[in-house]
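To start, the structure under review is shown below, and the notes come after it.
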Amino acid sequence: MGDAVAALLSDALVALPTETVYGLAGDAMSPAAVTRIFATKGRPSTHPVIVHLPGIELVPNWTDAAPAWAMALAAEIWPGPLTVIVPRGPNVLDAVSGGQSTVGLRVPSHPLTLQVLNEFGGGLAAPSANRYGHVSPTTAQHVLDELGDVLDPMRDLVLDGGRCPVGVESTIVGAWDDTPRLLRAGAVTLGQIAEITGREVSTATDGVRAPGSTAAHYAPRARVIPIETADLDKTVATVTGAFGLIAPADLAPPEAHHIRLASPRDDADYAHALYAALREADEAQLDVVIAVLPTDVGVGHAVRDRLLRAAATGQVTS
Ligand code: TXA
Ligand code: MG
C-alpha cells in the first residue's frame, strides 16, 4: 500500500482493481503522470480520463458547477460504479479533460483502491488498464498481459485485488445541465438514475463527445455474434469450424464443436465473466464467438451494450 502511494507521489503509474475493471492510475494533477497514462495505453490525447476520488467531499476541488441532482445521485451511489461528467473546475489539467469543458469523477468501491485513494488524498486519473482498443482487464493477470511490456518495472506497480466483482465499466452520466444523460451503460441503471434524481434521463448522445461510447470498441480479435436464445441452433449451423460459446448455464450446448467460454447463471454473473471469456476466445485463437444475449434488465443492459459494440464492425476506439 505504502509502495503504491509512494509510486503515485513520484509520478509513476499504478494499475489498480476497481469494482468494475482494473484502472491504470496516475496523479491527476501531474502532467507527467497523465502524459504517461496516455503513452502507456497508446490512447489519443483527445480522449478524456476519469478522475477517481477517495470521497464525495473532494468534488469541489474538481468542479464548482456540479448540478445538485448529480451530487444527490453521487451521494446515493458512491462508492460505486458511477461516473458523473460535470463542468470542469479551474485546476483540472487539459489532458485529463481531453480539451473539453468537463471532467469525469467517480468514487470506486474496491477496498484496496479506496485505501490507496485515502492515503494518496487526491484525485487519480485512471482509464481502464488495457491498450487502446482492447477489452478491459478484470484481473491483475489481464493487466500484465496487456501492459506488462510497457510498464516500467523499476517504477510502476500492478496491485492484485482479485477478480473485479462487477466486470463491466462504470455507468457514465453527463451532468452539465438540468438533464441527466446516460452516456455509457453500466451496473447503475437508467431506472435507478431516474428514480434517485426524479428526472427524465436522456439517452441521446448526439452532439456529446464521449469518445469511447460512440464508435465500436470493447472488441476481441474474434468476431462476436450476439444472438437471442431462440436463434442458437440456426446461428451455429452457419458457422464453420470451432467457435466459442457464451450462453446461460441452463442452455444445452449444440452438437457442433465449440469451446464453452462462459455459462453465466444470471445477468450479474454474465457481466462478471464477460471480458475474461472474450480474452479466452483470443487466447484459443477462435475466429467466432457466439454470445446468447442476457435479458435487457439491470446490468444485463450493459452486457448487451458491450456485446453489440463488440460485434459492430468498423473503427475500434478506446
Ligand atoms: O469503470 C470505469 O469507469 C473504469 C474504472 C477504471 O474506473 N474506467 C474507465 O475509463 O472505463 P476509460 O477511460 O476506459 O473510459 C472512460 C470513458 C471514455 O470513453 C472517456 O472518453 C469518457 O469516459 N469520459 C471521461 N471523461 C469524460 C468527459 N469529461 N467528457 C466526456 N467523456 C468522458
Ligand atoms: Mg476503456
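We did not get these values from a lab; they are worked out from the coordinates using the rules stated. Remember, predicted model here, so these are calculated numbers, not experimental data. Positions of Cβ are generated from backbone atoms using ideal geometry, with glycine treated the same way; all protein chains shown enter the neighbour counts.
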task: Treating only the Cβ atoms of Lys and Arg (+1) and Asp and Glu (-1) as charged, compute the dipole magnitude of the chain about its Cα centre; round to the nearest 20 debye.
output: 540 debye
Whole-number percent relative contact order across segment 2-197, with pairs defined as alpha carbons under 8 Å at least 6 apart: 31 percent
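Take the Cα pairs of segment 112-261, get the Kirkwood Rh, then feed it into Stokes-Einstein at 25 °C and 0.890 mPa s and tell me D in µm²/s.
Values: Rh = 19.3 Å.
Translational D for this selection: 127 µm²/s.
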- request: Quick one: which residues, 5+ away or cross-chain, put their amide H under 5 Å from the amide H of L261? H built at 1.01 Å from N.
  value: L245, I246
field: Calculated FRET value between A39 and T203, using beta carbons and R₀ = 41 Å, to 0.05
entry: 0.75
query: Given H placed on each backbone N at 1.01 Å, which residues far from E19 in sequence or on other chains put an amide H within less than 5 Å of it?
result: S109, H110
- prompt: Given only helices, namely DSSP H runs of n ≥ 4 each adding -39500 (n - 2.57), what is the per-residue ellipticity at 222 nm of the chain, to the nearest 500 deg cm²/dmol?
  reply: -8500 deg cm²/dmol
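What does DSSP give for the chain in terms of the percent of beta bridges that are antiparallel, rounded to the nearest 5? Numbers along the way, then the final one.
Working: 15 of 37 bridges.
Percentage antiparallel, nearest 5: 40.
Quick check: residue separation of A312 and A194 times 0.36 nm, minus the Cα distance between them. What number comes out in nm?
Details: separation 118, 0.36 × 118 = 42.48 nm, distance 2.87 nm.
Going from the current span to full extension adds 39.6 nm.
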- line: Karplus ³J(HN,Hα) for segment 167-173 (6.51 cos²θ - 1.76 cosθ + 1.60, θ = phi - 60°; Hz, whole; x = Gly/Pro) runs x, 10, 4, 4, 5, 10, 10
- prompt: Once the Cβ-Cβ distance between E255 and N91 is put in as r, and R0 is 51 Å, what FRET efficiency do you end up with, to the nearest 0.05?
  reply: 0.25
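When a footprinting reagent is the concern and you count Cβ atoms within 10 Å, what order do L182, L307 take, fewest first?
On the way: L182 22, L307 25.
Ranked by crowding around the Cβ, least crowded first: L182, L307.
Could you compute the net charge surrounding V289? Neighbours are other residues with a C-beta less than 14 Å from the C-beta of V289; K and R count +1, D and E count -1. Mind dumping the intermediate values first?
On the way: positive: R221, R223, R260, R279, R306, R309; negative: E280, D282, E283, D287.
Value of the local net charge: +2.
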- prompt: Reported to two decimal places, what Rg/Rh ratio describes segment 223-313 when computed on Cα atoms with Rh from the Kirkwood expression?
  reply: 0.92
- prompt: Can you give the convex hull volume per residue for the Cα atoms of the chain, as a whole number of Å³?
  reply: 121 Å³
